[in-house]
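The values are calculated or read from the model by the stated rules, or taken from the named source; none is laboratory data. None of these values were measured; they are calculated from a predicted model. With ideal geometry, Cβ positions are generated from the backbone for all residues, glycine too; neighbour counts draw on all protein chains shown. These area figures cover heavy atoms from the full protein model, side chains too; ligands, DNA and RNA do not enter into them. Shrake-Rupley method; radii C 1.70, N 1.55, O 1.52, S 1.80 Å.
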Amino acid sequence: MPNSVDVVLCHCQEDSSVRLDLERLAEKLSKNKKISRVYVVEHLCSMAGTKKFAEIVQNDQPSGLVVGACAAETLHQRLSPCIRKAGLGEQTCATVPLRELILWSYRGENVLQAARDLIKMAVSKIRNGVDSASRTARSAMINYLKCDKCKRCMEECPTGAYSLNSEGYPQVNQDLCQCCGICVGGCPIQCISLPDLRIEELSSEIRATKGDGSEEPIVMTFCCEPLTYPALMKEIGLGTSLPPNMRIIRVPCMGAVNAALINDALASGVDGVLLLGCEHGSCQIRQGDILAKQRLENLRETLTRMMFENERAQYLGWPEEKRPGIFVDPELCNGCLTCRQVCPFDAVVPSKILIKGKERLVSERDPQACRSCGICAANCPSGACQPSHFSDVQLLNAMDALCSNTVKTSGSDTAVLCNCSGKLEQYLDFEQLEESLYRCGFNQVLVEDRLCSEHAWQDVRKRLSTYPAHGVIAACAKDLFGIRMQKHQKNVGLEPDQWSFVDLWEKTMICPYDRSAAAELCFQDVLAALAGLPRTNGSQLPEDGEETLFQQQIGLYAKTIRSLGPNPLKQ
Amino acid sequence: MTQSRLNNLDEIREEHLEADILIIGGGNAGCFAAIEAKKINSKLKVIIMEKAHIDRSGCLAGGMDAINTYLPKDKTPEDLVRWSRAQAGGLLREDLALEISRCLNEPIEEWERWGLPIKKNDNGDAKYRGQWDISIQGSEMKPILAEKTREMGVEVVNRVVATNLLFDGEKVVGAMGFGVRDGKFYSIKGKATIVATGGASGLYKPYTNDGNDSHHQIWYCPFDTGTGYAMGIRAGAEMTTFEMRWAAVRTKDFNGPIDTISVCYKTPMVNAKGEKFLAERYAEYGGDKAPRYIRASAPMEEVLAGRGPIYVDTRQMTPEQIKEMKTDYLNERPSFVLYLAANGHDIGKEPIEVYGSDPYIVGGHTASGYWLDKNWQTTLPGLFACGDVAGGVPNKFVGGCGAEGLLSARGAVTYIERIGELHCDLTEQLSAEKARIFSPLLANEDGVLPRWMEEKMQRIMDEYAGGVHQFYRMNEERLDNALRHIRKMKKQVSFLYAKDLHELMLAHEVIDRLDVAEVLIYHLKYRKETRWPGWQTRMDYPEKDSALDCFVNSKLNRDTGEVEVFTRPYDQIVPGDRYKPTL
Amino acid sequence: MAPKVLLNKCDGCKAEKEPLCEQICPGDLMTLGTNGKAICRDPRDCWDCMSCIKICPQGAIETRVPYQIGYHEAKLIPMMGTNRITWTCIDIEGNVERFVVKNHNEVDDDNDDDD
C-alpha cells in the first residue's frame, strides 16, 4: 500500500489567484495525515516545472503522487517519464484537472473545499493502489484466488478474448483484449481488474468524497474514455458550469462500472450516481452501453424493492458528436464498392441514385456507423471518397505550403499566437516567426498572453485591423482548449469554423528545440494549418445564453436529485 | 444437472487423489489447519475435501458478530481454563484446553490482517463484548478465510461428501466419498488425515418443524450432520462425553442466538411475571453468569412451572443500541432481523421471547467428540481432529476451533515426517465403499426416502432421548426405547433410496446421524446421574454422582458390532475449585 | 426460511451450467430449473444464511419468512459493495430500516484527518 503520497500542485497563472488560493490549499492538505508532502510548482508543463517535478520524485521517492493541475491527459504524458525514471509505476500517479474542474466549471461558494475534496479523492485512490509490479499486463487480469468460474466474463466479452484454461478458469487472450473493462463491470465477485482500472481503487476514490461542504447534492458521474469524458471536458471548455458537487470518475466504458461501485457510492451517502455513456447502441467498444443499462435496470429494480429512490442511479445517453464524415462525390463514384470491402465498421451502404436520368450504383455512408477513419478514401480507385477536412486537395495544399514555404493567402489571413504569460518567448523567437508569416502573405500576426482567457480575445478583437477570412490559432492542448477558444472567438464576433489550430506549446515547450528551429517548425505548422491541415472540427457552438444539451440534461438530473433530498444512507 | 438414478455401479466414474495431508471439511478449523500445514512446510500437498463450497461452508456461512473466545491482555491461559471448566460443570481436558488457550489469539490476529473487521474501543484495542469474547463484523469472514486458504496453495475439492476413512492396517490413510455434483466416486489418500467436519445437528426434532417450511429453522448449521463423528465411530475411534449435549435458550421460533442481546447489551432474562429468575433462583450458580447448561435449563424449568413465556427484556435498550444490535445480527444471522420485521416486532416496546433449542452434539461448545492425545491425534493413528468434532474441550467456539486447527496441523505434520511414503493396497476398501455409497441410487424405488428416516429418527430422539418437547428429560426406559428404534432404523438403511445425487447426500447424512445417535444414547445411558441439568437431565438419577466425576468414553467393537462404554479419569492441572470460574 | 427467485430478474447466470447461487449454497439446495432460472429444490431445508442472495449478480433472490413463523410480508435486502453491505429491512407495516455495515477491512479508512 502506498503509504507516502506526495501532492504536487501546479501554480498555473490564469485566474488561480482570484478563484483558488493555492497556498491555502497546500497548507490545508499538508495537515492531512494521508499526505506526506505538498508542493506548489510553477508551470509543471514547462521544462523548468517538469525538472522540478522530477527532482521531487527523485528525492522523496514517494510511493504515490497526486498532481493538481490542468489538461490531465497531456500533462500526465509529460510527467510520466519522470515517474518511470524514479522507478515508480505509472498508476501510482493521479492527475487531477483542477483548472477545468474548479477554475472553469465550479461556480459554488466553497472553492477551497471543493478543490481539497478532489485532491483527497485522488489520494484515496492512490493509497488503495497495489504495487506497480502487478500492473505490467496489457489486458484484463483475473484474481484466481477469488474467481469462482461463473464465466460471465466469457459470456459478455465483446471481443471474445476469454477462453477457459484446463482447470476451467477463464483466461484472457492479450491480443484480443481491448481493455474495455466490460468484464470488470460484470464480474459478480469483483475479481477482474485492468492495469489502470481496479474496483478497490475506484471504490475508495468514490467513498472519499465529502462534497464542497454545501447542501448541494453529491453526484458521482462515471464518464467513458472514448466519448463522454472528452465531451464533458469540451463542455467545460465552452464555459459550462457543473453542479458544484458533481464528481467525475473516468472509466473505459459504462460497461466497466461494476454494480458494487454504485452500491458503494450510495452506501457512502452520495446522493446520485450518473452513468454518462453513449446513446443506445453506439458504444464504440460494442455492447458496453447495453450491458450497463441492463445491469443498472437490475440494480434500480432492487432499489425500488428497497424503497430507495431509484432515480438516484441513472444512465444518461450522450449523443455522439457528429463526425465530419466522408464525402462521396456521386459524379466520380463508379459503384465498384471497394470501399465496402475495406470498411472496418460496415458503414458503406450501396445505393441506387439517378444521375443525368440514369440509375447508377454509388456508395453512401451510414452516418451512425461511419467513424471517418478514411480507409475508404485511401482505397478508392476513382477518388470519389474524401474525408472532410482531409481531402486530397487539402493535403496537397498543405504539402505544397510546406515545400515552398508559401501559402495562397486570401489577403486577410490572420495568425494569433499565444505566448502563455510570457513563458513561451523563452523558447520561441516570436519576432522571427512573425516576420516569416508576414513574408508569406499573412495579413495580421498577433501575439497574445493566455489565449485561453476571455480578455485575451477581447484584446484580439480590438487589435484586428481587418476582419479575417481565415485564421490560425497557435496555442496549447488543442483538444481541450481549442473548443474554449472557439467560444471566445465567437464571443468577439469571429467565425471559429474558418480557423485552424496549431499545438504551439507542445511543439516548443515540450520538445526542447533551440529557438530558431522552434520558430521554423511553428512557421511550417501554421502554413500547413492554413492550407487545410488539420482544421478545427467545426463543432456547433451554442448561442450565448442558450443551454447546451448537456446543461439541460445534467441540470434536470441535478434538479431531480435535489428534490429527493439527501441520501437516506448518509451518516 | 443433477444425476438421476443408476442402472449399475459400473456407470460411476472414479477420481483418485493423493495428498500429504488430507483435511476433511473446509470450515473455520479445517481452513486454519490447512493454512498452518502450508506455513510449516509449503511443499506439502494439502487437500481440503469439502461437502459444500469453501467460500460459505461450515457454521460461519452466514457470518459471526463476535469471536468467542479471545484471551484478554490481562488474563492468562489458566484463567480461561478456570472459567471454561466452571462453565462446563467442572469437566474438561485441561491439558488440551491449556494448549488451545496459549495460541488462542493467533488465528484471529491473522484473520484481522487478512481483512476481518474487528471492532475497536477508543484505545484501538479489540472491543470486548463479554468477558472472553470480542465484537467483530464477520458477515464475510468465511470468504476471507477461504481466499487465504487458496492463496496458501491449498487444493480445495468442493462438493465432495466424505463417507468413510481409508485404512492401511490400523493407520488412517485418507478418506472416500462422492461428488454431489459430478457423481464421481472419490478417494483421497493422505499420509495424515485431519477431520474437521463440524458437529451434529438434526438428531432431534426441532420444535419449529411442524410439517412446514421451517424444518431447518434451527440454531446450529443444519448441514453439519455429524459425518466426522460417524466415520470415526464406524472405524472404532474412541469418542468422549457425547452425553454432554448442547442445548441453549434461543429466540423463540427463529432459534437464533441470544448472546448478541443478553451478553452484549446486558439485557436481563425474565419470566412472564417479570422476575429475573436467574438472579433470584439460581444465585448459587452465579445468577446471570451461571454455567451455560443452567442458563439453558432454567428458563425451561420456568416454563414447566407455569411461569412462561420467558423473555429477554429489550425494552430498556436505547434506539441506538437497538440499531447496533440489529447490525450485529446482520453480521451473524441476518434473517433474524427479517424475522422481527415479519412479526412487526418493535423490540424497544416488546421483549424478545426465548425458548430452548433442540439438542446438538457440538464439540466447540461442549466436550463431545474424538478423544485426543496431546498432538490432537485421535485413537486411530494418522487421524487428527479439530473444531467441533474434536472432544474434551468445551467453550472453544470460533477462536478455540481456529486454534485447534493450528494445533492439529502441527501434530499431523510431525506425524507424517515420521511415517514416510504410503504403500498400501486399497482396492478392496474402495470397491466395498463404492457399493455402499451408491446403493441408495440403485435401491428399489418402493423403499424409504431419506427424509422419512430423518424425521422418524428426530421424533424418536426427541421423545425418548430428552428432546426439547420433553424439556430435555429422560430416563433409562425411554433411552432403551430410543436405542431399540435407532437400531431398527440402522438395519433398514438398505431400504433408503435416492432419486438424485442431492438425495444421495441426504441419505448418507441420515446414515451418519443414526450412528451418532446410537452412540449418544449409549453415553446418556451410562451417565446415571444428572451432571448438567438441561443438557443431560436424568429424571431417574436427578443428583450428581461423585463416582462419575470422570470422562465417559465409548468405542465400537468392530468384531462384535457393539458399542463399548467406559470411563477415563479426570486430570486436574490448573489448581482451584473446578466449579468456580475464578480462584 | 426459503429463498425466492425473482423470475423477471434471474438470468440463470447467462445459462451457466451452475449459476452462482448453486455454486455457493452450503446446503446444495439451489439449482438450475428447466426454465433456465435458479430454483430452490427444497425450501424447507434452507438455513437462510443468505449466501445466495449476497452473491447473486442480478439481485434476483429474496429470503422469505414462512408464514408459519412470520406474517406477510417483510423484506431484507442486502446491497453488496466492495467492502460493505447496505441492508434494507422493511417490516410488515412498511417501516423501512437501513444499515450500512463494513465487512472487510480497508487499506484506507474514510476518516478525514485534516479538518
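With +1 assigned to the C-beta of every Lys and Arg and -1 to the C-beta of every Asp and Glu, and no other charges, what is the dipole magnitude of the stretch B:428-545 about the Cα centre in debye, to the nearest 20?
Details: 20 positive and 21 negative charges, 59 e Å.
The calculated dipole for the stretch B:428-545 is roughly 280 debye.
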Value of relative contact order over the stretch B:1-101, rounded to a whole percent, pairs C-alpha under 8 Å and six or more apart: 20 percent
Just the Cα atoms of the protein assembly as shown, one point each, no solvent: what log10 I(q)/I(0) does Debye give at q = 0.07, 0.09 Å⁻¹? -0.78, -1.11
Which of rounded, prolate, oblate describes the stretch B:428-545, given a ≥ b ≥ c as roots of the alpha-carbon gyration tensor eigenvalues and a/c under 1.5 marking rounded, otherwise prolate only if a/b is larger than b/c? prolate
Looking at the stretch A:61-118, which GluC sites (Glu not before Pro) are DSSP coil and have at most 15 other C-beta atoms within 10 Å of their C-beta? A:GLU109
Considering every residue in C:32-44, what mean count of other chain Cβ atoms within 10 Å of its Cβ is obtained? 2
If the chain between A:CYS403 and A:ARG439 were fully stretched, how many nm would it gain, using 0.36 nm times the residue separation less the Cα-Cα distance? 11.4 nm
Simple spin-label estimate for A:LYS358/B:PHE495, 7 Å along Cα→Cβ, in nm, reads 9.5 nm
Order the peptides B:103-109, A:560-566 from the highest to the lowest mean number of other Cβ atoms within 10 Å of their residues. B:103-109, A:560-566
How crowded by other chains is C:53-62, given as the mean number of beta carbons from other chains within 10 Å of each beta carbon? 6
Under unit Cβ charges (Lys, Arg +1; Asp, Glu -1), what dipole magnitude, rounded to 20 debye, does chain A have relative to its Cα centre? 1220 debye
Dipole of the protein assembly as shown, positive end: most advanced residue of A:CYS476, A:SER563, A:PHE53 [Cβ charges, Cα centre]: A:SER563
Checked against the positive end of the charge dipole of the stretch A:394-530 (+1 on Cβ of Lys and Arg, -1 on Cβ of Asp and Glu, about the Cα centre), the farthest of A:HIS488, A:CYS403, A:ALA528 is A:HIS488
For the stretch A:1-131, what D do you get in µm² per second when you plug the Kirkwood radius from alpha-carbon pairs into Stokes-Einstein at 25 °C and 0.890 mPa s? 170 µm²/s
Cβ-based net charge around B:TYR293, under 11 Å, with every Lys or Arg adding one and every Asp or Glu removing one: +4
As a test, work out the antiparallel percent of DSSP beta bridges whose residues both lie in the protein assembly as shown, rounded to the nearest 5. 55 percent
Per the charge dipole of the stretch B:384-540 (beta-carbon charges, Lys/Arg positive, Asp/Glu negative, Cα centre), the residue among B:ALA443, B:LEU496, B:ALA517 reaching farthest to the positive end is B:ALA517
Every cysteine in chain B with no other Cys Cβ under 4.7 Å from its Cβ, please list them in numeric order. B:CYS31, B:CYS103, B:CYS264, B:CYS386, B:CYS401, B:CYS424, B:CYS550
Can you tell me which lysines have their Cα less than 22 Å from the Cα of A:LYS487? Leave out same-chain residues fewer than eight positions away. A:LYS234, A:LYS322, A:LYS462, A:LYS478
At R0 = 30 Å, FRET efficiency that the Cβ-Cβ distance of B:LEU442 and B:ASP480 yields, to 0.05: 0.30
Peptide A:181-192 - average C-beta neighbours from other chains (10 Å radius): 2
Computed curve, the stretch C:2-64, Cα-only Debye sum without solvent term, log₁₀ I(q)/I(0) at 0.13, 0.17, 0.24 Å⁻¹, is -0.25, -0.44, -0.93
Computed FRET efficiency, Cβ-Cβ of A:ASN334 and A:GLN77, R0 51 Å: what is it to the nearest 0.05? 0.70
Between A:GLU425 and B:LYS119, what is the spin-label point distance in nm, taking each point 7 Å from the Cα along the Cα→C-beta axis? 6.9 nm
Once R0 is set to 35 Å, what does the formula 1/(1 + (r/R0)^6) return for the Cβ-Cβ distance between A:THR159 and A:GLU454, expressed as a FRET efficiency to the nearest 0.05? 0.20
Ordering A:414-427, B:130-143 by per-residue average of other C-beta atoms within 10 angstrom, highest first, gives B:130-143, A:414-427
So how much slack lies between A:TYR144 and A:ASP497, counting 0.36 nm per residue of separation and subtracting their Cα-Cα distance, in nm? 121.8 nm
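Nearest 5 is fine: what % of DSSP beta bridges in the stretch A:337-462 come out antiparallel, could you say?
Bridges in the stretch A:337-462 that DSSP calls antiparallel: roughly 60 percent.
Counting other Cβ atoms within 10 Å, keep those with at most 16, restrict to DSSP loop, and tell me which trypsin sites (Lys or Arg not before Pro) in the stretch A:1-95 are left. Write out the running numbers ahead of the final one.
On the way: sites: A:ARG19, A:ARG24, A:LYS28, A:LYS31, A:LYS33, A:LYS34, A:ARG37, A:LYS51, A:LYS52, A:ARG78, A:ARG84, A:LYS85; in loops: A:LYS31, A:LYS33, A:LYS34.
Sparse-neighbourhood loop trypsin sites (Lys or Arg not before Pro): A:LYS31, A:LYS33.
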With a 1.4 Å probe and every protein chain kept in, tell me what percent of the accessible surface of chain A is carbon plus sulfur. 49 percent
Extension gain (nm, one decimal) between B:GLU543 and B:LYS39, 0.36 nm per residue minus Cα-Cα: 176.6 nm
How far apart, in nm, are the 7 Å Cα→Cβ label points at A:PHE345 and A:GLU215? 4.7 nm
List the chymotrypsin sites (Phe, Trp or Tyr not before Pro) within the stretch A:260-369 that fall in a DSSP loop (any state other than H, G, I, E or B) and whose Cβ has at most 16 other Cβ atoms within 10 Å. A:PHE345
If you check each cysteine of chain C for another cysteine whose beta-carbon is under 4.7 Å away, which ones come up empty? C:CYS10, C:CYS13, C:CYS25, C:CYS40, C:CYS46, C:CYS49, C:CYS56, C:CYS89
With charges set only on the Cβ (+1 for Lys and Arg, -1 for Asp and Glu), what does the dipole of the protein assembly as shown come to about its Cα centre, in debye to the nearest 20? 1120 debye
Sequence ranges A:358-371, B:164-177, ranked by mean other-Cβ count within 10 angstrom, highest first: B:164-177, A:358-371
